[in-house]
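Accompanying notes for the structure given below.
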């Protein structure tokens, strides 16, 4: 794929630094804006290990590219993303685990601004990724969910900490403990997104915001982002091992095994404790 550069109307000399992405991720560089689009509509934009790897590579490479001033993350179709690909979670869990972790390491340390545009449901790891974006503009149809508990897991990638810090414990606890979806208006009230914008004006507003960031002094922008995220980075670093140990223990639990078995069998899971009476 050829990268289009807005500075002077031709491809920049270092455009080839960006590797070709798989067909499920598209990209272009225009006027200082690196567009990254999730494009796997036939699978509700579910994210595979290869897609996580591509996104991580793009962010890592963009750090060194002065032509990139801001990243715009969007998706094709009516669903932003269904989260990690569940089939791959069963068939190639180690690959998915490795590349998902690498992506979150990359987005957490990315020093340039990231804007996200969301026009539909956004689930699991995709929602967690939005929590690391600096500006998130969504349509009224956007719907967010982090159903870790319903899947007999615990939240990862700092999502619980970021949500509690932004929304306060009571609001974050209600959504995470009950695995309840979050509407666009609720997400704005919880300070998890920047703004809800009607469909008619969403593209226009996002284009204006990205264009504005692309021409502001990059050093000042990066420095301000560093100040805004300093406390979060420290808090998450202190909790990473604890979070991962909790997740690993829960992922090996009988609850998690039942959740996966129920999914494969197309039924609702039945979670029991050792004290539950045996079925008659």
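Observations on the structure shown:
- For segment 224-237, filtering for residues that are surrounded by 11 or more Cβ atoms within 10 Å (Cβ to Cβ), farther than 14 Å from residue 114 by Cα and out of contact with any helix residue (DSSP H, G or I) (no Cβ under 8 Å at 6 or more places or on another chain) leaves 1.
- Within segment 193-203, being more than 16 Å from the chain's Cα centre (by Cα), in contact (Cβ under 8 Å) with a residue 24 or more places away in the chain and either exposed (fewer than 13 other Cβ atoms within 10 Å of the Cβ) or closer than 12 Å to residue 127 by Cβ (or both) holds for 198, 199.
- For segment 90-102, the criterion of being within 16 Å of the chain's Cα centre (by Cα) and either under 25 Å from residue 223 (Cβ atoms) or not in a helix (DSSP H, G or I) (or both) is satisfied by no residue at all.
- Meets criteria (at pLDDT 65 or above, in a loop (DSSP other than H, G, I, E, B) and surrounded by fewer than 15 Cβ atoms within 10 Å (Cβ to Cβ)) for residue 78: yes
- Which listed residue, of 273, 240, is surrounded by fewer than 10 Cβ atoms within 10 Å (Cβ to Cβ) and either farther than 16 Å from residue 112 by Cα or free of Cβ contacts under 8 Å to residues at least 60 places away in the same chain (or both): 273
Residue by residue, here is whether (1) within 28 Å of residue 92 (Cβ to Cβ); (2) over 14 Å from the mean Cα position of the chain (by Cα) holds:
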| site | (1), (2) |
| --- | --- |
| 29 | no, yes |
| 32 | no, yes |
| 37 | yes, no |
| 45 | yes, no |
| 57 | yes, yes |
| 65 | no, yes |
| 70 | no, yes |
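- Segment 29-78, residues that are in contact with a helix residue (DSSP H, G or I) (Cβ under 8 Å, 6 or more places away or on another chain) and over 22 Å from residue 112 (Cβ atoms): 40, 45, 46, 48, 49, 50, 76, 77
- Cβ-Cβ under 6 Å pairs, at least 6 apart or on other chains, segment 216-237 side outside any helix (DSSP H, G or I), far side surrounded by 11 or more Cβ atoms within 10 Å (Cβ to Cβ): none
- Selection status of residue 48, within 22 Å of residue 139 (Cα to Cα) and either at pLDDT 90 or above or crowded, with 17+ Cβ neighbours inside 10 Å (or both): no
The values are calculated or read from the model by the stated rules, or taken from the named source; none is laboratory data. For clarity, every value in this text was computed on a predicted model and none was experimentally measured. Note that we place each Cβ from the backbone using ideal geometry, even for glycine, and neighbour counts take in every protein chain shown.
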